[in-house]
Amino acid sequence: MINTSDQLNRYVFENTHVRGELVQLHQSYKAMLDNHDYPAHIANIIGELFAATSLLTATLKFEGDIAVQIQGNGPVSYVSINGSHDQQLRGVARWQHAPESSRLSDLFGDKGFMVITITPTQGERYQGIVALEKETIAGCLENYFRQSEQLDTHIWLFADHDKQQAAGIMLQTLPGNSENTVSKEQLADDLDHLAQLTATISADELFTLDAQDALYRLYHQETVKLFEPVQVKFNCGCSKERSLKALTTIEPTELQSILDEQGKIEIKCEYCLTNYVFTEVDVLHLLNAPENKQ
Ligand SMILES: [Zn+2]
């Protein structure tokens, strides 16, 4: 039996300053991998980063999106997942050859780093750079939260491309304990206790149990307040119009020479692999649009 839901659940532990999130991905993960022929370790790291990005976007307090990218000089040069506050995500990896393991250094070499870009619909963009000091995405993100947000955080990530399942859990101290309504020691004890409970879950349980059962299995002795679950979707967001717009960044003479040679211009979306084909008429129309005239 497999869990076929694509759902994010947020919860808080009553009488503590700790919150949690659980995400389980199936159809959306499958859609992200479809037709890409990623080697196993790359497909798994995409699954982990997908779950992680979903957990991160759920912490947004405003409308906008988060892009989490890992870049490096190993067999994989680039993995990127974008997610919006309403849990629409897409992702892609660029790679040269199959890595030997899922360790970050085996995937991204010795010069890897993670970039987290938060773009509010209104307001300033924020970017954080995270060194790949740990061998897992979860470990690197725990460091990120500790250093940049001063929030103690535990993250567990799981992915199995064979089963087309990915999942993640995050526990985090709530921001805004500035009046010290809970002592630092108490907060650390609570988080530690809840992390020990959470660490007992296995990938198989997360891939088979529905969210209610998984949370009950972990926290049945705690008082947990569960919020409405949110549906997670793979949504690329690309379109013929957007791809056409991208052509405006190319020199008109260059566009013309491609048209002369091939009779058309093709742009393939690297995320969902949709192929957009533009004729000479499309391109002329674009170049003659008032906003694109130089
Ligand atoms: Zn696309």
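Each value in this text was obtained by applying a stated rule to the coordinates, not by laboratory testing. Values in this document were obtained by computation on a predicted structure and should not be read as measured data. Cβ atoms come from the backbone with ideal geometry, glycine included; neighbour counts cover every protein chain shown.
Between region 13-34 and region 228-254, the C-alpha centres lie 26 angstrom from each other. Ranking LEU157, PRO175, ALA188 by Cα position along the charge dipole of region 148-198, where only Lys, Arg, Asp and Glu carry charges on their C-beta atoms, puts LEU157 farthest toward the positive end. Each helix, a run of at least 4 DSSP H residues, gives -39500 (n - 2.57); summed and divided by the residues of the chain, these come to -9500 deg cm²/dmol at 222 nm.
Taking the chain as a Gaussian network of alpha-carbon nodes connected by springs under 10 Å, the highest mean-square fluctuation of the residues GLU280, GLU135, GLU270 belongs to GLU280. Where both bridge residues fall in the chain, DSSP classifies roughly 95% of the beta bridges as antiparallel. Applying the Karplus relation 6.51 cos²θ - 1.76 cosθ + 1.60 with θ = phi - 60° to region 73-86 yields 3J(HN,Hα) values of 10, x, x, 10, 8, 6, 10, 9, 10, 10, x, 9, 4, 9 Hz, where x marks Gly and Pro. Looking only at LEU255, LEU104, LEU191, which one moves most when the chain is put into a Gaussian network model with springs between Cα atoms under 10 Å? Ranking LEU255, LEU104, LEU191 by mean-square fluctuation puts LEU255 first. By the Cβ rule of 4.7 Å, the chain holds the following cysteines without a possible disulfide partner: CYS140.
With only Lys, Arg, Asp and Glu charged, each at its Cβ (+1 for the first two, -1 for the last two), find how big the charge dipole of the chain is about the Cα centre; round to the nearest 20 debye. Mind showing how you got there, number by number?
Working: 22 positive and 41 negative charges, 78 e Å.
Charge dipole, the chain, about its Cα centre: 380 debye, nearest 20.
With a Cα cut-off of under 22 Å and a minimum spacing of 8 residues unless on different chains, the lysine pairs in the chain number 15.
Below 8 Å, C-alpha to C-alpha, sequence gap of six or more: please give me the relative contact order for region 240-292 in percent.
Across region 240-292, relative contact order equals 34 percent.
Helix screen, the chain: DSSP H segments with Cα axial length of 20 Å or more and mean Kyte-Doolittle hydropathy at least 1.0 are 40-57. Could you check which residue among ASP260, ASP192, ASP152 shows the biggest mean-square fluctuation in a GNM of the chain with a 10 Å Cα cutoff? Looking only at ASP260, ASP192, ASP152, the largest GNM fluctuation is found for ASP260. Using Cα-Cα distances under 8 Å and only pairs 6 or more residues apart, what relative contact order does region 7-234 have, in percent? After rounding, I find 29 percent. The magnitude of the dipole of region 240-292, with charges of +1 and -1 set on the Cβ of Lys/Arg and Asp/Glu and taken from the Cα centre, is near 240 debye.
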